[in-house]
Structure formats: C-alpha cells, structure tokens
Amino acid sequence: MQPGEDHGSTETEQAVKLLPLGNGVGATALVETGPGKLQRGVVGKKRKEVTAIIPKGKPKSGRVWKDPSKKRFSQMIQDKPLHSSWERKMKERQEKKALKDFARHLEEEKRREREEKKQRREENLRRRLENERKAEIVQVIRNPAKLKRAKKKELRRIEKRDTLALLQKSQAQRKSAKE
C-alpha cells in the first residue's frame, strides 16, 4: 500500500467488483474480498455500497435453529381483520351445527350397535349354557358316603346342580309310567 492511498477507496473499488444475485436494495451479491475470493454481501441504498455478511458462530444458548433476524410479534405490522357478512356467519354456524349433529348421530349409531352386539353375545352365552345343561347326563348321588370314597379325579368331574326340578320331572315320569 502506498502512502497517500486511501484505504476506504480500495473498499469501494472492491465493492464495484460485485456480481448481483438480485436487484434493488437488500439484494444479496457476491463481493470480491481478495484475489479470487468471493463472499456473499447485502447491497445497500447506494449500488456501490456493499456490506459483507459475516457468518455468526454457534449461539451461547446452543439453539442453532433459532433465527435472530426475526422480528417480535408486537413489532409486526398487523392488518385489520376482514369482516365477513352476517349472512355468511349464520350460514357457517348452521353448517357447523349440522356437522356436529351428524357426528353425534354417527356416534350414537355406533354406541347402539355395540350395545346390541353385547346383548346378542350375552343372550347366546345364556342359551348355550341352558342347552348344555339340558343335554348333560345327570346322576343324583343320594348317599354322601360315596363322595368320601370317590377318587380325586372323580371328584373333579362332579358338579353341584339344583336337582329339585329334575327330581320333580323324574317323579312325574315314574307316575306316568306306572299308570
């Protein structure tokens, strides 16, 4: 560098050697920072004025995904909400109500079907037990001493039943057979 040469003038000369990647203020451009070295930069108000973007390091918090350039919500320019007409509001409300009614109807239909299925299952179980009871061969043990003599395996097969109806039925059959 020669004495008398202005250091700032070389920066502007470097800034002149840029390759624009967009047009207008705020557009990014490639700035020649050294011999054969290019770096991204942002174009200022004056076309020749370019500031180099220095890449930031890892933030202290460790949250690398956070973007510090974003503005806060309170600083954003907010538009007034667009008002919809009263008729449109009422129409949307009616559609929403009809949709809720339909969903409630479907849910009630499912619940009713589940209840019917549950009742059918219980009815089938009860009918199956009745049929098994009707079909089984019953031998009434009147002598309790037989139970004491019985082996373990035989005792496992023995089940207690209410034999009153069975006794009455068998007695009625005996009387009809005698006559």
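In a fully extended conformation the segment linking Thr163 and Arg63 would gain 28.0 nm over its present Cα-Cα distance, using 0.36 nm per residue.
Here Arg111 sits with roughly 120 square angstrom of accessible surface, probe radius 1.4 Å.
Computed from phi, the 3J(HN,Hα) profile of region 74-83 under the Karplus parametrisation 6.51, -1.76, 1.60 (θ = phi - 60°) reads 5, 8, 6, 7, 10, 7, 6, x, 6, 7 Hz, with x in place of Gly and Pro.
Can you list the lysines whose alpha carbon sits under 28 Å from that of Lys117, skipping same-chain ones fewer than 8 residues off? Partners found: Lys100, Lys134.
You can think of it this way: the chain between Ala98 and Lys110 has 2.5 nm of extra reach, that is 0.36 nm per residue less the Cα-Cα gap. Between Leu82 and Arg149, the distance separating the two model label sites (each 7 Å from Cα on the Cα→Cβ line) works out to 9.9 nm.
Per-atom-type breakdown for region 130-179 gives carbon and sulfur 50% of the accessible area (1.4 Å probe, protein chains only). Taken per residue, the accessible surface of region 124-179 reaches 107 Å², heavy atoms only and a 1.4 Å probe. Each residue of region 121-128 is assigned a 3J(HN,Hα), and the resulting list reads 4, 5, 4, 4, 4, 4, 5, 4 Hz, derived from the Karplus form 6.51 cos²θ - 1.76 cosθ + 1.60 (θ = phi - 60°), x at Gly and Pro. When both region 140-179 and region 56-135 are represented by their alpha-carbon centers, they are found 61 Å apart.
The values are calculated or read from the model by the stated rules, or taken from the named source; none is laboratory data. Quick caveat, the model's predicted, so the values are computed rather than measured. Reconstructed Cβ throughout: ideal geometry from the backbone, glycine too, with neighbour counts over all protein chains shown. The accessibility values were calculated without ligands, DNA or RNA, using every heavy atom of the protein model including side chains. Shrake-Rupley method; radii C 1.70, N 1.55, O 1.52, S 1.80 Å.
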